[in-house]
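Notes follow once the structure below has been shown.
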């Protein structure tokens, strides 16, 4: 199972997205698990992908440092259009294309 962490500044909007994502994944039987955290809660757990909300994209270097001992973790900024529209299918496709 692929583990995805979605990170934002407060965790409120990402929790809504993660709820939508997990509902979509249950319906479409994908082998992906989503978790939402705020930037202050982020630790170097075993994630396959760490997605940053667009508003904290400027913190990508900081997040990369947190995962410096895990070179296989993909760290990306989620495109604004997918984030704002809470586009579950689009986010899944974005992850699959990483």
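Observations on the model:
- Against the conditions (1) more than 16 Å from residue 89 (Cα to Cα); (2) under 14 Å from the mean Cα position of the chain (by Cα); (3) modelled with pLDDT of 90 or more, residue 43 satisfies every one except (3).
- Scan of region 67-83 for residues that are within 16 Å of residue 36 (Cβ to Cβ) and in a helix (DSSP H, G or I), ordered by number: 82, 83
- Filter result (in a loop (DSSP other than H, G, I, E, B) and under 19 Å from residue 65 (Cβ atoms)) within region 1-52: 9, 42, 43, 44, 45, 46, 47, 48
- Flag if residue 38 is in contact with a strand residue (DSSP E or B) (Cβ under 9 Å, 6 or more places away or on another chain), surrounded by 13 or more Cβ atoms within 10 Å (Cβ to Cβ) and more than 25 Å from residue 62 (Cα to Cα): no
- Qualifying positions in region 78-91 - crowded, with 18+ Cβ neighbours inside 10 Å and either modelled with pLDDT of 90 or more or out of contact with any helix residue (DSSP H, G or I) (no Cβ under 7 Å at 6 or more places or on another chain) (or both): 78, 82, 83, 87, 91
The values are calculated or read from the model by the stated rules, or taken from the named source; none is laboratory data. Everything quoted here is computed from the prediction, not taken from an experiment. Positions of Cβ are generated from backbone atoms using ideal geometry, with glycine treated the same way; all protein chains shown enter the neighbour counts.
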